[in-house]
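The values are calculated or read from the model by the stated rules, or taken from the named source; none is laboratory data. Every value quoted in this text rests on a predicted model; they were computed, and no experiment measured them. Glycine gets a Cβ as well: all are built from the backbone with ideal geometry, and neighbour counts include every protein chain shown.
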Amino acid sequence: MGATIEGKGRVFAKEHEGWTSYTLGISSKDKDSKWINAYQPIRFKTGESVPNNTQIEYKAFPVVKARTVDGQNRNYIVWQILSWHPEEEAPEEAPEEVPYAEGYTELNEEDIPF
């Protein structure tokens, strides 16, 4: 079974003894409208590197990795980044106003029967 994931996120890079590990920060609001954060391990194609704290748009697929911790096998998921590019800052546009069609009128709360 295969799945691909597309989205936007912030990449965090951390240097270790001669190699770099990457995580993708993912945020959403909870029921109380407070932001909650999670971090997903990711990897890029060989030879690709991304600076720390970079916002990207990406396409990825999940890969299961095995690791032995204290004599026990622990499987975990890493997202393999297939393609990516820095997220471009787009200017915010005002929502387009839709004119009322001829012959129709705008309803207010008092006009609605329910």
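Worth a mention:
- Selection status of Glu57, without any contact (Cβ under 8 Å) to a residue 60 or more places away in the chain and more than 12 Å from the chain's Cα centre (by Cα): no
- For the range 67-82, the set of residues classified as closer than 21 Å to Gly2 by Cα and polar (S, T, N, Q) consists of Asn75, Gln80, listed by residue number.
- Candidates Thr20, Thr68, Thr54 - the one that is surrounded by 14 or more Cβ atoms within 10 Å (Cβ to Cβ), touching a strand residue (DSSP E or B) at 6+ places or on another chain (Cβ under 8 Å) and either modelled with pLDDT of 95 or more or of a type in the set (S, T, N, Q) (or both): Thr54
- Answer from Glu48, Glu6 - the residue that is in a loop (DSSP other than H, G, I, E, B), surrounded by 10 or more Cβ atoms within 10 Å (Cβ to Cβ) and acidic (Asp, Glu): Glu48
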